[in-house]
Amino acid sequence: MNILKLENDGSLVINEGSEVTNIGILHLILKSIFEASELEKEEEGIINFLLSNKEYLVSHDAVSDAVKKYLVYKAQEANNYNLTFQKYFTKILQHELKTTENRLAYFTGDKYNINSVFWPNPTHIKYPRSIYDELPYAWENKIIDKFTPVGSSGSCFAMEIAHGLQKRGYNYIITEQNKQSCAKWGIIFNTPSFRQLVEKVFGLRKTPKLLWATKRNERLIFCDPFREDIEFESIEDYENDYETHIERAREALLKVKVFVITLGMNEVWTLTSDGSVFSRCPWGFAASLVCKKVLTVEENISELQKMLDIWRIYNPDIKIILSVSPVPLHATFRGDTFHVIAANCHSKSILRIAAEEFASRNKNVFYLPAYETVLYCTKNPWTEDQRHVSREAVENVMQLFDKMFVAQEIEYNYPSDETLSNALKLREINLIIFPKWNLAEKLIVDNLKNIIETIINHPDKNRITLLIDTTNVDEEDVALLISGVTMNIFIEQDLDMSEIPEISLVGNLSEKQWDSLLLNLHARIVLEHENQDVITQTRAERIPIWQE
């Protein structure tokens with residue numbers, strides 16, 4: 001091992017794992033661990049310790065270990081493990097953790113998706129990969145199943161997501177019939193419009209009742225500048241619809257548990273008089289009454305944050321999946337300085353950065369890389385107009401959506417409606433309960449004990465099957481819990497074990513199987529704490545309530 005040179009003699013050669021042979025290298029290591037004010041107090045002592053214990057100069061990691069030993073030695077000597085010592089020791093541990101993270105920065109073995117690190121290369125000799133076979137995800141968060149109330153809104157690309165969700169049988173919430181989203185709020189292109197929608201829905205603002213008129217196929221129609229593509233046959237139709245739409249939109253935003261938002265534009269038009277935001281552009285509306293603006297990243301984040309903060313007051317459990325529409329700008333109002341292609345790149349870049357930053361700042365907000373999937377991972381992304389996305393692109397995005405967010409459907413041993421009765425051991429009287437499984441265990445046990453005791457002591461117990469919903473919970477855990485509760489009841493009451501009631505667990509049935517089961521249910525036993533989401537999703541609220 002070389003002896004540490006106390007003079008820094010110019011350029012330093014520093015390799016991973018190399019010895020510390022120069023005072024300059026040692027200074028760099030110590031400055032990577034401690035702040036300048038901390039080094040002023042301890043650097044001389046640390047260097048003297050290393051000069052006396054040169055075996056610690058074999059590597060940077062060894063130096064880190066030596067610094068820890070020096071601090072322990074100093075604390076023992078002073079018999080004082082004070083806050084300063086703890087602070088210094090924490091700094092070293094943080095440095096060691098950071099060093100390990102740095103070494104693993106491009107390591108694929110610990111990644112959820114091992115393909116997430118390196119750009120695909122179809123010509124690679126050992127690991128050829130085509131970008132057109134990639135789904136650009138790095139993690140999965142299975143927050144959706146076929147029963148989860150889902151909604152969406154945004155640009156015209158958001159319509160494709162809405163149609164895809166419905167086509168695949170998701171519980172897509174629709175409170176007003178339309179072709180675009182959950183309710184007739186129209187296509188939404190910019191972040192202030194999302195904030196404005198939520199403010200309107202929850203009674204925090206009203207947009208002025210303004211329309212512009214146009215002729216289509218010799219027919220006069222009226223258009224709402226705040227609800228793109230929502231048209232009215234007359235002014236009276238628009239006025240009659242105004243409050244009804246607010247109610248339906250509010251119903252949608254309260255029902256959904258997961259909402260997909262697709263951002264489309266960063267060039268925004270507003271009404272000059274009060275700042276009300278147009279969904280896209282004025283079209284035939286009076287140019288003298290509007291103004292235009294290009295938003296910054298932080299302005300977009302602020303608009304989304306206001307939207308979410310208001311929404312979560314009324315729907316605290318809402319989860320947001322955020323994406324950016326790949327559909328280019330139809331036109332730009334910045335054509336004097338930027339070609340529409342350059343303006344589009346700026347617009348999408350701002351929205352893309354804002355979307356990721358907004359997601360990083362908020363719990364249960366996630367970014368869906370639909371934009372990247374279309375632009376990079378789809379071989380033929382566009383239709384003939386070179387602007388709207390192809391079916392291939394939509395299918396790729398929906399595959400990505402499923403991969404990232406959708407829980408795989410569990411296959412139970414219910415192959416057909418005919419065998420459902422046998423699988424669940426249905427009898428003449430079939431009762432069902434929907435426990436809320438995320439409560440404290442004592443509450444769950446008390447609920448179950450009351451119900452099971454009632455069944456055990458019922459005069460028709462030999463004709464009754466009690467069905468217990470276990471949607472989205474571990475059936476094995478539930479079975480153990482129910483078995484324990486039942487056994488305790490029989491022991492406490494000294495009952496004959498041959499009289500154990502028939503109890504069946506009902507897991508994630510298909511919609512068709514639920515429809516079949518509902519026809520065979522006598523009644524629903526109402527619990528003090530119930531899973532209202534599953535009751536709504538399965539339409540179990542229409543089952544008669546059990547009266548004893």
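Name every residue in the range 122-135 that is part of a loop (DSSP other than H, G, I, E, B) and surrounded by fewer than 18 Cβ atoms within 10 Å (Cβ to Cβ), in order of residue number.
Within the range 122-135, P122, T123, H124, I125, K126, Y127, P128, R129, S130 meet the criteria.
Yes/no per residue for (1) part of a loop (DSSP other than H, G, I, E, B); (2) over 30 Å from E395 (Cβ atoms); (3) touching a Lys or Arg at 6+ places or on another chain (Cβ under 6 Å):
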| residue | (1), (2), (3) |
| --- | --- |
| L57 | no, yes, no |
| A66 | no, yes, no |
| K74 | no, yes, no |
| K91 | no, yes, no |
| T99 | no, yes, no |
| Y106 | yes, yes, no |
| N115 | no, no, no |
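How many of the residues making up the range 351-393 are of a type outside the set (A, V, I, L, M, F, W, C) and either part of a loop (DSSP other than H, G, I, E, B) or in contact with an Asp or Glu (Cβ under 6 Å, 6 or more places away or on another chain) (or both)?
Count: 16.
For the range 340-350, check the following and say yes or no: at least one residue is in contact with a Pro (Cβ under 6 Å, 6 or more places away or on another chain), more than 23 Å from H163 (Cβ to Cβ), assigned to a helix (DSSP H, G or I) and without any contact (Cβ under 8 Å) to a residue 24 or more places away in the chain.
Yes, the conditions are met somewhere in the range 340-350.
Just one of the numbered conditions (1) in contact with a Gly (Cβ under 9 Å, 6 or more places away or on another chain); (2) of a type in the set (A, V, I, L, M); (3) modelled with pLDDT under 90 is not true of L83; which one?
Single failed check for L83: (1).
Which count do you get for residues in the range 7-48 that are surrounded by 10 or more Cβ atoms within 10 Å (Cβ to Cβ) and not in a loop (DSSP other than H, G, I, E, B)?
Number of matching residues: 23.
Do we have I313 as open to solvent by less than 10 Å² (accessible area, probe 1.4 Å), under 22 Å from Q196 (Cβ atoms) and β-branched (V, I, T) here?
For I313, the condition - open to solvent by less than 10 Å² (accessible area, probe 1.4 Å), under 22 Å from Q196 (Cβ atoms) and β-branched (V, I, T) - is not met.
How many residues are open to solvent by 20 Å² or more (accessible area, probe 1.4 Å) and in a strand (DSSP E or B) if we restrict to the range 498-523?
3
Among the residues in the range 155-166, are any open to solvent by 20 Å² or more (accessible area, probe 1.4 Å), farther than 30 Å from G507 by Cβ and of a type outside the set (A, V, I, L, M)?
Within the range 155-166 (the criterion being open to solvent by 20 Å² or more (accessible area, probe 1.4 Å), farther than 30 Å from G507 by Cβ and of a type outside the set (A, V, I, L, M)), the answer is yes, since at least one residue qualifies.
Among (1) of a type in the set (G, A, S); (2) touching an Asp or Glu at 6+ places or on another chain (Cβ under 8 Å); (3) on the phi > 0 side of the Ramachandran plot, there is one condition G203 misses while meeting the rest; what is its number?
So the condition that G203 fails would be (2).
Being among the hydroxyl-bearing types (S, T, Y) and either without any contact (Cβ under 8 Å) to a residue 40 or more places away in the chain or farther than 17 Å from L426 by Cα (or both) is the filter here, so list the residues in the range 446-501 that pass it.
T454, T470, T471, S483, T486, S498
Go through (1) closer than 23 Å to K293 by Cα; (2) more than 19 Å from the chain's Cα centre (by Cα); (3) at pLDDT 95 or above one by one and return the number of the condition T191 breaks.
Status for T191: all satisfied but (2).
Taking the residues in the range 228-257 that are part of a helix (DSSP H, G or I), aliphatic (A, V, I, L, M) and open to solvent by less than 50 Å² (accessible area, probe 1.4 Å) as candidates, determine which candidate is farthest from E176 (Cα to Cα).
Among them, the one singled out is L253.
Quick one: in the range 455-473, which of the residues that are of a type outside the set (A, V, I, L, M, F, W, C) and under 16 Å from E530 (Cβ atoms) is farthest from the chain's Cα centre (by Cα)?
Checking each candidate, the answer is D469.
In the range 258-273, is there at least one residue being surrounded by fewer than 21 Cβ atoms within 10 Å (Cβ to Cβ), over 25 Å from I341 (Cα atoms) and either among the charged types (D, E, K, R) or without any contact (Cβ under 8 Å) to a residue 12 or more places away in the chain (or both)?
There is no residue in the range 258-273 that is surrounded by fewer than 21 Cβ atoms within 10 Å (Cβ to Cβ), over 25 Å from I341 (Cα atoms) and either among the charged types (D, E, K, R) or without any contact (Cβ under 8 Å) to a residue 12 or more places away in the chain (or both).
Of (1) open to solvent by less than 60 Å² (accessible area, probe 1.4 Å); (2) part of a helix (DSSP H, G or I), Q86 satisfies all except one. Which?
Of everything listed in (1) open to solvent by less than 60 Å² (accessible area, probe 1.4 Å); (2) part of a helix (DSSP H, G or I), Q86 misses just condition (1).
Any residue at all in the range 28-44 that is of a type outside the set (G, A, S), in contact with a Phe, Trp or Tyr (Cβ under 8 Å, 6 or more places away or on another chain) and at pLDDT 85 or above?
yes
In the range 136-154, what residues are aliphatic (A, V, I, L, M) and either surrounded by 19 or more Cβ atoms within 10 Å (Cβ to Cβ) or touching a Ser or Thr at 6+ places or on another chain (Cβ under 9 Å) (or both)?
A138, I144, V150
So, of the residues in the range 57-83 that are over 25 Å from E19 (Cβ atoms) and among the aliphatic types (A, V, I, L, M), which turns out to be least open to solvent (accessible area, probe 1.4 Å)?
Result: A75.
Among the residues that make up the range 215-227, is at least one of them of a type in the set (A, V, I, L, M, F, W, C), open to solvent by 30 Å² or more (accessible area, probe 1.4 Å), at pLDDT 95 or above and farther than 22 Å from Q177 by Cβ?
The answer is no; no qualifying residue exists.
The values are calculated or read from the model by the stated rules, or taken from the named source; none is laboratory data. What you see is a predicted model, and the numbers here were worked out from it, not measured in a lab. Here Cβ is always computed from backbone atoms with ideal geometry, including for glycine, and neighbour counts include all displayed protein chains. These area figures cover heavy atoms from the full protein model, side chains too; ligands, DNA and RNA do not enter into them. Shrake-Rupley method; radii C 1.70, N 1.55, O 1.52, S 1.80 Å.
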